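Participant: First the structure, which I've put down as structure tokens, then a few questions once you've had a look.
The values are calculated or read from the model by the stated rules, or taken from the named source; none is laboratory data. Just so we're clear, the structure is a prediction, and the values are computed from it rather than from any experiment. Note that each Cβ is placed from the backbone with ideal geometry, even for glycine, and that neighbours are counted across all protein chains shown. SASA here: full protein model, heavy atoms, side chains in, ligands and nucleic acids out. Shrake-Rupley method; radii C 1.70, N 1.55, O 1.52, S 1.80 Å.
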Amino acid sequence: MKLEIVSGEKAGQTFDFAPDCEVTIGREDSCAICLVDRKVSRRHARLMTTAGGVSLEDLGSANGLRVNGQRGYRFILRDGDVITVGDTPIRVGGLSPVPASGISAPRVRIDDSTRTVVLYSMPSDEANLLGSRVPPEVAEEVRAENRYLRTIGEISRVLAAPHAAQQTLEAVLAVLREALKADTACVLSGDAKGGDWDVRAMAASAGSGAPVQVSRTIVQQALDEGVAIIARDPLTDGRFQGSQSIIVEGVSSALCSPIRVGETLRAVLLLDRRRRSDVFMERDLRLTATVANLLGLLLEKEQAESEARERERLAVIGEVVANLAHHAKNIIASLRFGLATLKLSVSRGQTEKLPQYVAMLDTQQARLSDLVLNMLSYSKDRTPMRQQVRLADLIEDVVAPFKSRLAETGVTIANTCEPADLQVWAEEAALHRVFLNLVVNALDALQANTGREKSLRVTACREDQHRVAIRFRDTGCGIPRDEITRIFEVFYSTKGAKGTGLGLAVVKKVVAEHGGTVSVDSEVGAWTEFTILLPEHAPDAAGAAT
């Protein structure tokens, strides 16, 4: 085998090697071909004889390999191929021709833009596990590749399932950790420049008492080089010298691949083995980089959906403003009319109708206040400031003002809470707004009830070991089945001109912000019941990685 440097500082220099010789290329003096090229890594690539011919393999370089202008991770070389290492081209000669009949397919190489590492081709008879000519080392390679292909298939099924992105991430990491027999598999998200990374999802070995921590040193090294890396022994690897985090954590072998979301490095896929003698291999890195690319698509989809929801929210806010302007204009007109009538009556000494006019003004100002508060609740995308809230006290605060006012109209309001000290994990002011909207809705529905008992019952109890159920049941007019699926839509109202269509939309939004659900059941002309499920306690604090 003969190698000739085509151009560069050592242009024209040739190297002759025996057919079974292993040749390393890089900037280190110990390399068989030592290059003076700043884009060449210390140990950049290796040539060695395999059953399929002379193979060229990337040793985890920063800038990768090219053969005949095509980027890749591993190649089977042919006579006349030109290897490009950094900016240095090297021509290959003196190789025996590869029989054309044994080639199964063209070699598949890495994509320049995504650096997606995939397999190279091999002679078809070597790929046949049933054939008698398959050397043991080749058979083991093929078996390993088949295992990884099955892993990719399993991960693809996980990605195709209709689950939330977080749940999908955790499921993928569990599959990958098991396939590569890693102690930890995690996705870190953050800012590549600032070095501030948070654990987005993690899968770790069972039986670990304390929260698992990860080494930021290996992560930052992969980001600095801009490629996936493998660290077979970080404690002695020159790239990580002086890293206390590796020493403390006892990382004996690690894989790290950046995850590109759109055009930006937004996350990192990291796997490690700790205090073990078995180390990751190059094929493990290829699987990790492949999964990182798949997770990049998942995170890009999540980002696109988030941006779409934000655009939709802004569009709805614009619609909200237009509708609110219409409703506010009508309320303000009623206020002006009531105020003018009140002034005229006072000027004429006609005081017998003053209580009626004051009540009308009070009603209209309450409508305007509700409108503004609902607008603020719906338009602001916020995280509730939660604490433990005693439900019995909160429900009583909401319904008490209505009890005395409605007693003369034949409407009864009852509220119970079992047990009496039952609590929920919520923001009290926001939950007060939700309960008030449901009580007002129920009272409006009761106005259409003629000849039947008019009642509203508010009850609270434990639904299960984690959640509390709060139910609002009225004996009002009920909701038709064709409308019940739409009542939580913004601006959809069953009250005609009297409703803004914001109240129940606010209820659904605020409950969702609390990690809860709201549902409704109804029978026309008989009753309606809204059920809210909320967490009883704060979730357990999760340990953070350092």
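Participant: Provide the packing ranking of 451-463, 525-537, i.e. peptides ordered by the mean count of other C-beta atoms within 10 Å per residue, highest first. Don't jump to the answer; show the numbers that get you there.
Facilitator: Working: 451-463: 16.4, 525-537: 18.5.
For the peptides 451-463, 525-537, the packing ranking is 525-537, 451-463.
Participant: What accessible area per residue, rounded to a whole number of Å², is obtained for the stretch 1-51 using a probe radius of 1.4 Å?
Facilitator: Details: 2900 Å² over 51 residues.
Normalised by residue count, the accessible surface of the stretch 1-51 is 57 Å².
Participant: Then there's this: List the trypsin sites (Lys or Arg not before Pro) within the stretch 1-54 that fall in a DSSP loop (any state other than H, G, I, E or B) and whose Cβ has at most 11 other Cβ atoms within 10 Å. Working shown, then result.
Facilitator: On the way: sites: 2, 10, 27, 38, 39, 42, 43, 46; in loops: 10, 27, 38, 39, 42, 43.
Sites meeting the loop and neighbour criteria: 38.
Participant: Still on this model: Compute the FRET efficiency between residue 409 and residue 313 as 1/(1 + (r/R0)^6), taking r as their Cβ-Cβ distance and R0 = 60 Å, and round to the nearest 0.05.
Facilitator: On the way: r = 39 Å, r/R0 = 0.65.
Efficiency computed from Cβ-Cβ geometry: 0.95.
Participant: In nm, give the distance between the simple-model label positions of residue 448 and residue 20, each being 7 Å from the Cα along the Cα-to-Cβ direction.
Facilitator: My value for the distance between the label points is 9.2 nm.
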